[in-house]
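Some notes on the structure that comes next.
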Amino acid sequence: MLSKNRLRLAIQKSGRLSRDSQNLLKKCGIKINLQKSSLMAFAENMPIDIMLVRDDDIPGLIMDGVVELGIVGINVLEEEKLARKFLGTAAQSYKILQNLDFGLCRLSLAVPMDTEYLNVFCLKNARIATSYPHLLKKYFDKKVFFFKPFVLNGSVEVASNAGLADAICDLVSTGATLEANGLKEVEVIYRSSACLVSQNMNNIPLFKYQLIKKLLTRIQGVIKARE
Ligand code: PRT
Ligand code: ZN
């Protein structure tokens, strides 16, 4: 049974952000006994419980008030907010307390290397594969032209080679994956990094608020020391 007297913080269980998230907490002096198979880990020296989940679940856990804090990519957070807005779900609020110095990437449009590409209007009526349909729609809403998005959660880069898509919209960091799949990056539509995010602070009891402040100060100190 979870204690109401402990702060709850969600991080990615395994994936690109998990090691950096764990290291950051360690650097902040939080001693955690992480069990590989467990959903929860408990800090030994501070009243903090760590929830280990898929990154996609973290925005919802924050917005639905299950955990007070999370470490997640801003891309995932914004996509969930837009999805909830689209569905008319009331809970969409959160506060980014700190942009973090890892998980840096960009959400980009890419087309086959041999495509003649002048500007974004070359994508009019294009069929575009993405795991981020709402961020993509927000970008194209400003361009006012028709396109045909479809969702693939994974293997987005291969959709074009397989003849399923004219273009893709996916996360890029080094660009090596695009290159390996014969694609070129043509538009950056969103820039992202990991962030420390909290619930709406108005709903948080004072002692938890103070603990969040303390943690935030330590995180800022760790980031400053790494600069
Ligand atoms: O299992 P779970 O759902 O938790 O994880 P996941 O597989 O959905 O996410 P994961 O671990 O791949 O990524 C978590 C977060 O890391 C993302 O939401 C981003 O905020 C951030 N991030 C930073 C990235 C990348 N860089 C990145 N390069 N996420 C994914 N990629 C992928 C991209 O999708 C593509 O397949 O890496 C490939 C491109 O990399 P380059 O270096 O070849 O350009
Ligand atoms: Zn995920």
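What follows is calculated from the coordinates using simple rules that are stated; it is not laboratory data. Computed from a predicted model, the values in this text were never measured in an experiment. When we count neighbours, we look across all protein chains shown, and the Cβ atoms used for this are built from the backbone with ideal geometry, even at glycine.
Some notes on this structure:
- Under 18 Å from a label point set 7 Å out along the Cα-to-Cβ vector of residue 146, the amide N atoms of the stretch 105-134 belong to 121-129.
- Backbone amide hydrogens, once placed in the peptide plane, bring residue 104 within less than 5 Å of 194, excluding anything fewer than 5 places away on its chain.
- Listed values for the stretch 207-218 are Karplus-derived 3J(HN,Hα) couplings in whole Hz (6.51 cos²θ - 1.76 cosθ + 1.60, θ = phi - 60°), namely 5, 6, 4, 5, 5, 4, 4, 5, 5, 4, 4, 5, and x replaces Gly and Pro.
- Virtual spin-label span in nm between residue 16 and residue 200, 7 Å along Cα→Cβ: 3.1
- Unit Cα scatterers, Debye sum, the stretch 37-151: log10 I(q)/I(0) for q = 0.10, 0.18, 0.23 Å⁻¹: -0.43, -1.03, -1.36
- Evaluating 6.51 cos²θ - 1.76 cosθ + 1.60 at θ = phi - 60° for every residue in the stretch 37-42, the Karplus couplings come out as 8, 8, 7, 10, 10, 10 Hz, glycine and proline recorded as x.
- Calculated FRET efficiency, residue 213 to residue 119, Cβ-Cβ distance, R0 = 30 Å: about 0.05 to the nearest 0.05.
- Cut-off under 5 Å, modelled amide H: who pairs with residue 10 long-range: 51, 69, 70, 71
- Annotation note: chymotrypsin sites (Phe, Trp or Tyr not before Pro) in the stretch 107-154 located in DSSP loop regions with a Cβ neighbour count of at most 12 within 10 Å are 145, 146.
- Fraction of antiparallel bridges per DSSP, the chain only, in percent to nearest 5: 65
- Equivalent ellipsoid semi-axes - Cα gyration tensor, the chain, angstrom: 36, 19, 15
- With K and R counted +1 and D and E -1, the other residues having a Cβ less than 15 Å from that of residue 207 yield a net charge of +4.
- In degrees, nearest ten, helix 133-143 long axis to first principal axis of the chain (Cα): 50
- Rounded to 5, the percent of DSSP beta bridges in the stretch 105-192 classed as antiparallel: 65
- Within the stretch 105-192, all pairs of alpha-carbon atoms sorted by distance into 10 Å bins from zero give the percentages 19, 59, 22, 0.
- For the stretch 97-143, the list of trypsin sites (Lys or Arg not before Pro) that fall in a loop by DSSP and count at most 16 other C-beta atoms within 10 angstrom reads 124.
- Loop-located GluC sites (Glu not before Pro) in the stretch 1-103 (DSSP state other than H, G, I, E, B) with a sparse environment of at most 15 neighbouring Cβ atoms within 10 Å: 44.
- Rounded to the nearest Hz, the phi-derived 3J(HN,Hα) couplings of the stretch 52-65 under the Karplus curve 6.51 cos²θ - 1.76 cosθ + 1.60 (θ = phi - 60°) are 9, 9, 6, 4, 5, 7, 5, x, x, 4, 6, 5, 8, x, where x marks glycine and proline.
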